[in-house]
Amino acid sequence: MLLRSIFLAVFALVVQPASTDNSHCAVNLDFTKRYLASEESVRLCDAYPDTVLLLVNTASYCGFTSQFAGLEALQEKYGNRGFSVLGFPSNDFFQDPRSEKKIREFCDLTYQVKFPMFEKSRVAKRNAEPLFQALAAQAGQFPKWNFHKYLLDREGRVVGSFGSTVTPGNTELVSKIESLL
């Protein structure tokens, strides 16, 4: 009995969430992520409080890669109103095999990406990391290809899920973003 109590106490400590103060952190944002090609990490809740977010799995060698320009345009247009695009490069669909440093250089030089980009991530259903598992659980779908977009309201709830063919300038997407600001 004592051994069981000790096990349960240790188990409770091990499985605690990333933060001990979860009162203001949505499940979709309670993750610590490292910035692309950097050693600096941030907890998404702390870095983007009360912010409308568009989380996108990206790839440098994809037919949709030109969407970087539209994503950056959204960031420029709405960034000062409590909105941010968050990019998560992924090689799950075999279109971003390069190192994080090379991905960062490509984004900077080719598309002048200034919105936050994070470490390479697993997004596809078969091996999705916890962040994308949480997003997919709420949205009802995992990314099936690169440039899938999850729109989160200021409380961190998924309020829209847009496939790869939906461009950043799509009127439905833009209208939803504007309604949340």
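The values are calculated or read from the model by the stated rules, or taken from the named source; none is laboratory data. All values reported here derive from a predicted model rather than from experimental measurement. All Cβ positions, even for glycine, are placed from backbone atoms using ideal geometry, and neighbour counts span all protein chains on display.
Could you grab the pairs with beta carbons closer than 6 Å, sequence gap of 6+ or different chains, first residue in segment 118-140 and within 22 Å of Asp153 (Cα to Cα), second one among the basic types (Lys, Arg) and part of a strand (DSSP E or B)?
Correct list of pairs: Phe118/Lys33.
I'd like the residue in segment 23-37 that is free of Cβ contacts under 8 Å to residues at least 24 places away in the same chain and either crowded, with 16+ Cβ neighbours inside 10 Å or farther than 18 Å from Pro130 by Cα (or both) and, out of all such residues, is nearest to the chain's Cα centre (by Cα). Outline the logic, then answer.
Initial filter on segment 23-37 (free of Cβ contacts under 8 Å to residues at least 24 places away in the same chain): 23, 30, 32.
Next cut, either crowded, with 16+ Cβ neighbours inside 10 Å or farther than 18 Å from Pro130 by Cα (or both) only: 23, 30.
Values: Ser23: 21, Asp30: 11 Å.
Filtering segment 23-37 for residues that are free of Cβ contacts under 8 Å to residues at least 24 places away in the same chain and either crowded, with 16+ Cβ neighbours inside 10 Å or farther than 18 Å from Pro130 by Cα (or both), the one nearest to the chain's Cα centre (by Cα) comes out as Asp30.
Kindly evaluate Tyr61 against the criterion of being among the hydroxyl-bearing types (Ser, Thr, Tyr) and within 23 Å of Phe142 (Cβ to Cβ). Quick ask: steps written out before the conclusion?
Values: among the hydroxyl-bearing types (Ser, Thr, Tyr): yes; within 23 Å of Phe142 (Cβ to Cβ): yes.
When the stated conditions are applied, Tyr61 passes them.
Which of the residues belonging to segment 144-181 are out of contact with any helix residue (DSSP H, G or I) (no Cβ under 8 Å at 6 or more places or on another chain), surrounded by fewer than 20 Cβ atoms within 10 Å (Cβ to Cβ) and under 28 Å from Ser60 (Cβ atoms)?
Within segment 144-181, Lys144, Trp145, Gly163, Thr165, Asn170, Thr171, Glu172, Leu173, Lys176 qualify.
Could you go through segment 68-79 and let me know if any residue there is out of contact with any Leu (no Cβ under 6 Å at 6 or more places or on another chain), crowded, with 20+ Cβ neighbours inside 10 Å and among the acidic types (Asp, Glu).
yes
Under the condition of being more than 13 Å from the chain's Cα centre (by Cα) and over 21 Å from Ser99 (Cα atoms), which residue from segment 115-138 is surrounded by the fewest Cβ atoms within 10 Å (Cβ to Cβ)?
Among those that are more than 13 Å from the chain's Cα centre (by Cα) and over 21 Å from Ser99 (Cα atoms), it is Arg126.
Checking the conditions here, which among Phe147, Phe142 is within 14 Å of the chain's Cα centre (by Cα) and farther than 26 Å from His24 by Cα?
Details: Phe142 fails: farther than 26 Å from His24 by Cα.
After applying the criteria, what remains is Phe147.
When you look at Lys114, is it farther than 18 Å from Phe64 by Cβ, of a type in the set (Lys, Arg) and touching a residue at least 24 places away in the same chain (Cβ under 8 Å), yes or no? Outline the logic, then answer.
Values: farther than 18 Å from Phe64 by Cβ: yes; of a type in the set (Lys, Arg): yes; touching a residue at least 24 places away in the same chain (Cβ under 8 Å): yes.
Yes: the conditions hold for Lys114.
Which condition number in (1) over 12 Å from the mean Cα position of the chain (by Cα); (2) at pLDDT 95 or above is the one that Ser5 fails?
(2)
I'm trying to understand the selection: among the residues of segment 39-72, which are among the hydroxyl-bearing types (Ser, Thr, Tyr), in contact with an Asp or Glu (Cβ under 9 Å, 6 or more places away or on another chain) and modelled with pLDDT of 95 or more?
Ser41, Thr58
Test of understanding: among Ala124, Ala128, which residue is of a type outside the set (D, E, K, R), over 22 Å from Ala47 (Cβ atoms) and in contact with a Lys or Arg (Cβ under 9 Å, 6 or more places away or on another chain)? Working first, answer last.
Values: Ala128 fails: over 22 Å from Ala47 (Cβ atoms).
It is Ala124.
Take Arg122 and tell me if it is modelled with pLDDT of 95 or more and either under 16 Å from Phe31 (Cβ atoms) or β-branched (Val, Ile, Thr) (or both). Write out each step before concluding.
On the way: modelled with pLDDT of 95 or more: yes; either under 16 Å from Phe31 (Cβ atoms) or β-branched (Val, Ile, Thr) (or both): yes.
So Arg122 fits the description; yes.
List the residue pairs whose Cβ atoms are under 7 Å apart, where the first residue sits in segment 61-87 and is over 22 Å from Arg98 (Cβ atoms) and touching a residue at least 12 places away in the same chain (Cβ under 8 Å), the second is part of a loop (DSSP other than H, G, I, E, B) and hydrophobic (A, V, I, L, M, F, W, C), and the two are 6 or more positions apart or on different chains.
Gln75/Phe115; Tyr78/Leu181; Arg81/Leu181; Gly82/Leu181; Phe83/Leu181; Ser84/Phe115
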